[in-house]
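A short reminder: the numbers here are calculations on the coordinates, not readings from a lab. None of these values were measured; they are calculated from a predicted model. A quick note on method: Cβ atoms are made from the backbone with ideal geometry, for glycine too, and the neighbour counts reach across all protein chains shown.
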Amino acid sequence: MSSKTTTIQIRVDKDLKEKAAEVFGKMHMTMSQAIKLFLGQAVSQGGIGIEFRTPSKKLQEAMDQVDRDEDMMEFDTVEELFKELNR
């Protein structure tokens with residue numbers, strides 16, 4: 001793919017844009033990232049056969065913890081990680 005970029009301008013209903021931005025925000029994506037992802041998938045699949053959903057409540061809580069650096073654990077080896085997982 002070329003490294004050159006171009007601009008796309010679209011007109012959408014203000015309410016739709018705000019609601020979409022809220023949904024993408026929950027997935028930690030900007031509007032631009034979401035549109036690039038959509039276009040990339042459409043090209044690679046030769047159509048629009050993609051489905052994205054907001055994370056479950058449990059997954060969202062875990063993602064928020066990571067964003068806040070809460071309850072993070074670090075391991076020096078994979079063995080240490082598995083030892084912790086098997087407790």
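Within the chain, what's the longest run with no GluC sites (Glu not before Pro) in a DSSP loop and at most 10 other beta-carbon atoms within 10 Å? Give the range, please. Walk me through the numbers on the way to the answer.
Numbers: sites that count: E51, E70, E74.
The longest uninterrupted stretch comes out as 1-50.
Determine the gain in length on full extension of the stretch L16-L59; use 0.36 nm per residue of separation and subtract their C-alpha separation, reporting nm with one decimal. Kindly include the intermediate steps, with their values, before the conclusion.
Values: separation 43, 0.36 × 43 = 15.48 nm, distance 2.50 nm.
Here the answer is 13.0 nm.
Any number yet on Rg/Rh for the chain, C-alpha, Kirkwood?
With Rh from the inverse mean 1/r over Cα pairs, Rg/Rh is 1.11.
Can you list the aspartates and glutamates whose alpha carbon sits under 20 Å from that of K36, skipping same-chain ones fewer than 8 residues off?
The qualifying aspartates and glutamates are D13, E18, E22, E51.
For segment 1-47, just say rounded, prolate or oblate: build the C-alpha gyration tensor, square-root its eigenvalues into a ≥ b ≥ c, call rounded for a/c under 1.5, and beyond that prolate if a/b exceeds b/c, oblate if not. All intermediate terms of the calculation are to be shown ahead of the outcome.
Working: a/c = 1.89, a/b = 1.58, b/c = 1.19.
In terms of gyration-tensor shape, prolate.
Divide by every residue of the chain the summed helix terms, -39500 (n - 2.57) for each DSSP H run of at least 4, and state the resulting mean residue ellipticity at 222 nm, rounded to the nearest 500 deg cm²/dmol.
Numbers: 4 runs with 47 residues, N = 87.
Computed ellipticity for the chain at 222 nm equals -16500 deg cm²/dmol.
For segment 4-81, which chymotrypsin sites (Phe, Trp or Tyr not before Pro) are both in a DSSP coil and crowded by at most 15 other Cβ atoms within 10 Å?
Details: sites: F24, F38, F52, F75; in loops: F52, F75.
Passing both the DSSP loop test and the Cβ count: F52, F75.
I want to check the label-to-label distance for E84 and I48. Put each point 7 Å from Cα in the C-beta direction and report it in nm to one decimal.
In this crude label model, E84 to I48 measures out at 4.3 nm.
Just to confirm a number: summing +1 for Lys and Arg and -1 for Asp and Glu over residues other than K19 whose beta-carbon lies under 14 angstrom from that of K19, what do you get?
Values: positive: K14, K17, K26; negative: D13, D15, E18, E22.
Around K19, the surrounding residues sum to -1.
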